[in-house]
1. I'd like to know if the range 210-221 contains one or more residues that are part of a strand (DSSP E or B), of a type in the set (Gly, Ala, Ser) and under 30 Å from ASP14 (Cβ atoms).
2. When you scan the range 36-68, how many residues do you find that are at pLDDT 90 or above, under 16 Å from ALA15 (Cα atoms) and among the basic types (Lys, Arg)?
3. Looking at this structure, is THR211 loosely packed, with under 15 Cβ neighbours inside 10 Å, touching a residue at least 24 places away in the same chain (Cβ under 8 Å), within 26 Å of ILE79 (Cα to Cα) and touching a Lys or Arg at 6+ places or on another chain (Cβ under 8 Å)?
4. More than 17 Å from ARG181 (Cα to Cα), out of contact with any Pro (no Cβ under 9 Å at 6 or more places or on another chain) and open to solvent by less than 10 Å² (accessible area, probe 1.4 Å), is that true of ALA157?
5. Quick one: GLU8 ticks every box in (1) in contact (Cβ under 8 Å) with a residue 40 or more places away in the chain; (2) over 30 Å from PRO205 (Cβ atoms); (3) assigned to a loop (DSSP other than H, G, I, E, B) except a single one, so which number is it?
6. Go through the range 85-119 and give me each residue that's without any contact (Cβ under 8 Å) to a residue 40 or more places away in the chain and hydrophobic (A, V, I, L, M, F, W, C).
7. For residues that are within 18 Å of the chain's Cα centre (by Cα) and open to solvent by less than 80 Å² (accessible area, probe 1.4 Å), tally how many sit in the range 195-208.
8. On the given criteria, is ILE187 modelled with pLDDT of 95 or more, over 16 Å from GLU114 (Cα atoms) and in a strand (DSSP E or B)?
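The values are calculated or read from the model by the stated rules, or taken from the named source; none is laboratory data. Keep in mind that this is a model prediction, so the values were computed, not measured. So basically every Cβ, Gly included, is an ideal-geometry build from the backbone, and we count neighbours across all protein chains shown. Side chains included, ligands, DNA and RNA excluded: accessible areas come from the protein's heavy atoms. Shrake-Rupley method; radii C 1.70, N 1.55, O 1.52, S 1.80 Å.
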Amino acid sequence: MVIRPGEEWGSATDAPADLVVRGDDAELAAAMTAARPDSLIRFLPSGSDFARSIGLADAALDDTTEVRGIALPVDAIRIGTDLAVNVAVLGIDPTRVAAHHRRRGVRVVTDGKETFVGVATTVVIANGQFIEGADLVPRGHPGDGWCEVQIYALAPAERRAMRHRLPGGAHLPHPRIVTARARTVEITTTGKGWPLTLDGHAAGPRSQLQTTLIPNACRLLV
């Protein structure tokens, strides 16, 4: 089931968690990769941007209490055999892109439609809302059945001002940040591969990338 505007997200449950995951976004994604799609996961976040999207604070190290509450169905992004629960960044992280970073050729296709052909520094595919605490995707929702796509084609002189607006989400709209919503994204870059980061962790350079949204990848117990 995909959450739509005005609908309640999640359902009450008395069931115990099938597993408990402690850590950051990448550790949650790894657990989701190994778990059954209907698994009920209790997430005890530490340094997690995804947790902020769903209103979870960092857990205490000694937190072993059992929870009965709401089961939230959450989406994930599949990249080959990997999952990302929060965000995939191809190119330079938007929070770090600076005047000296060169734009390079890239083609982006979303849901079979050519969305961008030109030069850019970064392509973001987001399931969550935040990156390093900044409000990267103000309308991002990890249970709405969509990825939010952003393509950063800013000129060097525009990047510093964009970074200053990024923490509060005021960097959008911008004439040189192309945005789209999609369930599948295909990216082809020119020249050597661009650095890929999944949920804050380096995943090696890529010159081609295909991602697919996985709706209801698991349920989180909150």
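1. There is at least one residue in the range 210-221 that is part of a strand (DSSP E or B), of a type in the set (Gly, Ala, Ser) and under 30 Å from ASP14 (Cβ atoms).
2. Count: 1.
3. Details: loosely packed, with under 15 Cβ neighbours inside 10 Å: no; touching a residue at least 24 places away in the same chain (Cβ under 8 Å): yes; within 26 Å of ILE79 (Cα to Cα): yes; touching a Lys or Arg at 6+ places or on another chain (Cβ under 8 Å): yes.
No; evaluated as a whole, the condition is false for this residue.
4. Numbers: more than 17 Å from ARG181 (Cα to Cα): yes; out of contact with any Pro (no Cβ under 9 Å at 6 or more places or on another chain): yes; open to solvent by less than 10 Å² (accessible area, probe 1.4 Å): no.
No.
5. Failed condition: (1).
6. VAL117, VAL119
7. 9
8. On the way: modelled with pLDDT of 95 or more: yes; over 16 Å from GLU114 (Cα atoms): no; in a strand (DSSP E or B): yes.
Answer is no for this residue.
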